[in-house]
Amino acid sequence: MKLKEKTATIFTYPWDLHDEGVENALDFISGKAEFNSISLALSYHIATYFLPHNPRRKIYYGDHGALYFQPQSELYANTCLIPQTSPVVHGEDYITHIQEAASERNVEFCAWIVYFYNHYLARKFPQCAKVDAFDNPYLALLCPSNPDVRAYAVALTHDIVSNYRPQAVNLESLSFRHFDYGFLNAKVLVEMTPLQRFLMGLCFCPHCLERADQAGMDGAQFKRQVAGYLEENLKHNPLPEEMIPVSDETLDTLFGGELRKFLEVRTEIALSLFKEIVAIVRSYGDVKIQMGMPKSRSGDVTGLPASEINSLLDRTFDSPPYDVYQIAGFVREKRSNLPEKVEFLPLLQPDYLKSESETAAIIQAYHAGGCDGIAFYNYGLARKQHLEWLGSILAQS
Ligand SMILES: [Zn+2]
């Protein structure tokens, strides 16, 4: 199969399309740039954006976690979480206008959904936020153990998939996240060991403790153990021999094996919700599940082991190395770690693209590695020139 006949999805923010004119932007995306899919943000986290070709705003200070559509409020009856809609959204057809324009051009509409990385909701409803061993709420993240958070994820998924009927969804932050995820202008000036970061990243909210108790642990006692360990170990600079990745042996044996039990509880919490969301999406018909490729060791942090998740996906992506000579091997290795039915898309960003000839070499390496298409990040964050280079190469690939 030729590369141009495979999936070519471009991550896109709705405001970039509206600012340029939805029809114009989609003509460009599906024409000169040769993409056949847009992964469009419908629920998104905070960021500050430099938008080089946006005719209305070169800089955009984004919201602290917002929806880019008007939610169907009755779907959220089972959760205390009330999401905000971004003020950038105008008109009831803000998303349907894009969806229809994409459909007219045979461009797949993939709904890009950010779930628990949401400063607005974590601040407004801190009882739903992640909580560390010292009882600090993390005001960037919602905890997937919390029944209100789980009900919110269910409602958001139904809302988006039933009302906008995407052909694919891109699931993001539908899990636990690591220690400093979502820190704004972070001031972390002391060295921390990987183990300290790992332990500081665990959630000990009342719902996580309750789940630990139900699994036969003493959640409160385990939390005190972790807090005591951290209190003692954060007093001094780490020794060089402590600056090593957290090993499976450490996770298995620390705190007399209680850490491993707690991680198994977290996996059950995150994985059961992930499977529930995938089932909801699939209940609406042939909707593809797309997600960033889980790193092989990240399951202990997120609760989503790659070995369990990969087979639930239809499509996944990851960023190749910058060195063009390493790309084909990278793609081959990633491809080989996935079930045959799952598409692997190397994720290309504008900072990879120095010239048209270098862009051609990258695409050639993707092809040589056996990729199933490409993903590009992101329409508004790139120059049109990058997308023209890419389009002319994809047209010939
Ligand atoms: Zn929790």
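Of all beta bridges DSSP finds with both residues in the chain, what is the antiparallel percent, to the nearest 5?
Numbers: 9 of 42 bridges.
Counting DSSP beta bridges with both partners in the chain, the antiparallel share is about 20 percent.
Mind listing which chymotrypsin sites (Phe, Trp or Tyr not before Pro) in region 48-147 are in a DSSP loop and have 15 or fewer other Cβ atoms within 10 Å?
Details: sites: Y49, F50, Y60, Y61, Y68, F69, Y76, Y94, F109, W112, Y115, F116, Y117, Y120, F134, Y138; in loops: Y68, F69, Y115, F116, F134.
Here the chymotrypsin sites (Phe, Trp or Tyr not before Pro) that fit, given the DSSP loop and packing criteria, are F134.
Would you mind getting the accessible area per residue of the chain, heavy atoms of the protein chains only, 1.4 Å probe, in Å²?
With the other protein chains kept in place, the chain gives 42 Å² per residue.
Suppose R0 equals 30 Å. What FRET efficiency, 1/(1 + (r/R0)^6) with r the Cβ-Cβ distance, do I244 and A360 give to the nearest 0.05?
According to the calculation, E is roughly 0.15.
Pick out, in residue order, every one of the trypsin sites (Lys or Arg not before Pro) in region 268-377 that is DSSP loop and has at most 16 other C-beta atoms within 10 Å; say none if there are none.
Numbers: sites: K275, R282, K288, K295, R297, R315, R332, K334, R335, K341, K354; in loops: K295, R297, K341, K354.
Counting only loop positions with at most 16 other Cβ atoms within 10 Å, the trypsin sites (Lys or Arg not before Pro) in region 268-377 are K295, R297, K341, K354.
For I10, enumerate residues with amide H under 5 Å from its amide H, sequence gap 5+ or separate chain, H modeled in the peptide plane.
HN-HN under 5 Å from I10: S37, I38, S39, F376.
Considering only protein heavy atoms and a 1.4 Å probe, what is the carbon-and-sulfur percentage of the accessible area of the chain? Could you put the intermediate results ahead of the total?
Values: 8470 of 16840 Å².
Percent of accessible area from carbon and sulfur atoms in the chain: 50.
As a check on your grasp of the helix formula, calculate [θ] at 222 nm for the chain: sum -39500 (n - 2.57) over DSSP H runs of n ≥ 4, divide by the residue count, round to the nearest 500.
Details: 15 runs with 162 residues, N = 397.
Helix contribution divided over all residues of the chain: -12500 deg cm²/dmol.
Taking the alpha-carbon centroid of each part, what is the distance from region 358-391 to region 263-319 in angstrom?
First find each Cα centre; the distance between them is then 26 Å.
Let me know the charge dipole size of the chain about its Cα centre in debye, to the nearest 20, where only the beta-carbon of Lys, Arg (+1) and Asp, Glu (-1) is charged.
Details: 36 positive and 49 negative charges, 63 e Å.
My answer is approximately 300 debye.
Just to be sure I follow the definition: excluding the sites themselves, where is the longest run in the chain that has none of the GluC sites (Glu not before Pro) in a DSSP loop with at most 15 other Cβ atoms within 10 Å? Provide the component values of the computation, followed by the final result.
Details: sites that count: E92, E191, E340.
Answer - 192-339.
With a Förster radius of 25 Å, plug the Cβ-Cβ distance of D218 and H178 into 1/(1 + (r/R0)^6) and report the FRET value to the nearest 0.05.
Working: r = 25 Å, r/R0 = 1.01.
FRET efficiency, D218 to H178: 0.50.
So between D93 and A395, what do we pick up on full extension, going 0.36 nm a residue minus the alpha carbon distance?
On the way: separation 302, 0.36 × 302 = 108.72 nm, distance 3.21 nm.
Separation in residues times 0.36 nm, less the Cα-Cα distance, equals 105.5 nm.
Quick one: P(r) of region 148-256 from all Cα-Cα pairs, 5 Å bins, percents rounded to integers, in order of increasing distance.
With 5 Å bins starting at 0, P(r) equals 2, 9, 14, 18, 16, 13, 11, 8, 5, 3, 1.
Relative to the first principal axis of the alpha-carbon coordinates of the chain, what is the inclination of helix 219-233, with its axis defined by its Cα atoms, in degrees from 0 to 90 and to the nearest 10?
Approximately 90 degrees, to the nearest ten.
Of all DSSP beta bridges in region 35-126, what percent run antiparallel (nearest 5)? If you can, show how the numbers build up before the last one.
Values: 5 of 12 bridges.
Roughly 40 percent of the DSSP beta bridges within region 35-126 come out antiparallel.
Short version: ³J(HN,Hα) in whole Hz for each residue of region 253-259, in order, from phi by Karplus 6.51 cos²θ - 1.76 cosθ + 1.60 (θ = phi - 60°), x for Gly and Pro, what are they?
Values, residue by residue: 10, 4, 6, x, x, 5, 4 Hz.
Counting just the Cα atoms, what span does region 248-304 cover along each of its three principal axes? Round to the nearest Å and put the largest first.
Reported extents, whole Å, longest axis first: 46, 19, 9.
With charges set only on the Cβ (+1 for Lys and Arg, -1 for Asp and Glu), what does the dipole of region 271-397 come to about its Cα centre, in debye to the nearest 20? Don't skip to the end; give the middle numbers.
Details: 13 positive and 15 negative charges, 23 e Å.
Around 100 debye, computed over region 271-397.
For region 94-176, give me the percentage of DSSP beta bridges that are antiparallel, rounded to the nearest 5 percent. Intermediate values should be presented prior to the final figure.
On the way: 4 of 9 bridges.
Approximately 45 percent, going by the DSSP bridge assignments.
As I understand it, the dipole of region 17-77 uses +1 on the Cβ of Lys and Arg and -1 on the Cβ of Asp and Glu, about the Cα centre. Which of Y61, L40, A77 lies farthest toward its positive end?
Of the candidates, Y61 comes out farthest on the positive side.
Determine the alpha carbon to alpha carbon distance for each of K6/K275; K130/K384; K235/K261 and list only those over 30 Å. Don't skip to the end; give the middle numbers.
Values: K6/K275 27 Å; K130/K384 40 Å; K235/K261 27 Å.
Distance filter (> 30 Å) returns K130/K384.
Taking the Cβ of E276 as the centre, find all other residues whose Cβ is under 13 Å away and add up their charges (Lys, Arg: +1; Asp, Glu: -1).
Values: positive: R150, K275, R282; negative: E268.
The answer is +2.
Could you pull out every residue, at least 5 positions away or on a different chain, whose amide H is within less than 5 Å of the one on L141? Hs are placed 1.01 Å off N in the peptide plane, and Pro or chain starts have none.
When sequence neighbours closer than 5 places are left aside, the close amide H contacts are N118, K130.
What value does the chain have for Rg/Rh, both radii from Cα atoms and Rh as Kirkwood defines it?
Working: Rg = 21.7 Å, Rh = 22.2 Å.
Here Rg/Rh amounts to 0.97.
Taking the Cα centre of region 37-178 as origin and charging only Cβ (+1 Lys, Arg; -1 Asp, Glu), how large is the dipole, in debye to the nearest 20? Mind showing how you got there, number by number?
On the way: 10 positive and 12 negative charges, 82 e Å.
Using Cβ point charges on Lys, Arg, Asp and Glu, region 37-178 gives about 400 debye.
Could you tell me what fraction of 2.2 N^0.38 Å the Cα radius of gyration of region 1-75 comes to, as a two-decimal ratio?
Working: Rg = 14.5 Å, N = 75, 2.2 N^0.38 = 11.3 Å.
The reported ratio for this selection is 1.28.
Using the Karplus curve 6.51 cos²θ - 1.76 cosθ + 1.60 with θ = phi - 60°, work out ³J(HN,Hα) for each residue of region 71-88 in order, rounded to whole Hz, and write x for Gly and Pro.
In residue order, the calculated couplings are x, 8, 4, 5, 5, 9, 5, 8, 10, 6, 6, 10, x, 9, 9, 4, x, 6 Hz.
Report the net charge of residues surrounding A102, where surrounding means a beta-carbon distance below 12 angstrom and charges are Lys +1, Arg +1, Asp -1, Glu -1. Don't jump to the answer; show the numbers that get you there.
Working: positive: R105, R165; negative: E23, D27, E100, E104, E108.
With Lys, Arg at +1 and Asp, Glu at -1, the neighbours total -3.
Rounded to the nearest 0.05, what FRET efficiency do Y284 and H236 give with R0 = 51 Å and r taken as the Cβ-Cβ distance? Could you check? Don't skip to the answer; put the middle values down first.
Working: r = 54 Å, r/R0 = 1.06.
Once the sixth-power term is evaluated, E becomes 0.40.
I want to verify a result. In a Gaussian network model of the chain, Cα cutoff 10 Å, which of these has the top mean-square fluctuation: L81, L234, L139?
Between L81, L234, L139, it is L234 that shows the largest mean-square fluctuation.
The values are calculated or read from the model by the stated rules, or taken from the named source; none is laboratory data. Predicted, not measured: the structure shown is a model, and the values here were computed from it. No Cβ is skipped: glycine too gets one built from the backbone with ideal geometry, and neighbour counts run over all protein chains shown. Heavy atoms of the whole protein, side chains included, go into the accessibility calculation; ligands, DNA and RNA do not. Shrake-Rupley method; radii C 1.70, N 1.55, O 1.52, S 1.80 Å.
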